[in-house]
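**Q** Right, I'll just put the structure down here and ask away after.
Bear in mind that the values in this text are calculations on the coordinates, not laboratory data. Source: prediction; values computed, not measured. Here the Cβ is made from the backbone with ideal geometry for all residues, glycine too, and neighbour counts use every protein chain on show.
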Amino acid sequence: MRRLLFPLLLALAMPVFAADRPDGLQPLPEAPPPPPGVNLDGPADAPEVTITKRGEDKVEEYRMNGKLYQIKVTPPHGIPYYLVDDTGNGVLLRRDNIGPNVQPPMWVIHTF
């Protein structure tokens, strides 16, 4: 019983010690508004993802600036596979696993 008495008293005294704070503390002022042109909803270059069901398969379409660049197909009883547009010409090639065949990021710098 004596073993439980000390931890119980310590647990009851913790809120009292936590309530003590030094004098002179003031609440923080409100944050200023963001500068114009700053998007707080997320990065502007985030891909658009559309998730649909085709039959029993779950299909996720990834688009950047309205252009389809990747599709992930997840069958109900199997491993997901990817259809990826590597060159940007609209031809999707199947990738069973994005693992050892991972390519470095490629960004379009300028289009004509």
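**Q** What's the ranking of 73-80, 28-35, 60-67, 5-12 by average number of surrounding C-beta atoms within 10 Å, highest first?
**A** 60-67, 73-80, 5-12, 28-35
**Q** Expected output is a single nm value to one decimal: the length gained when fully extending between Asn89 and Leu4, i.e. 0.36 nm times separation in residues minus the C-alpha distance. What is it?
**A** Here the segment from Asn89 to Leu4 would lengthen by 23.4 nm.
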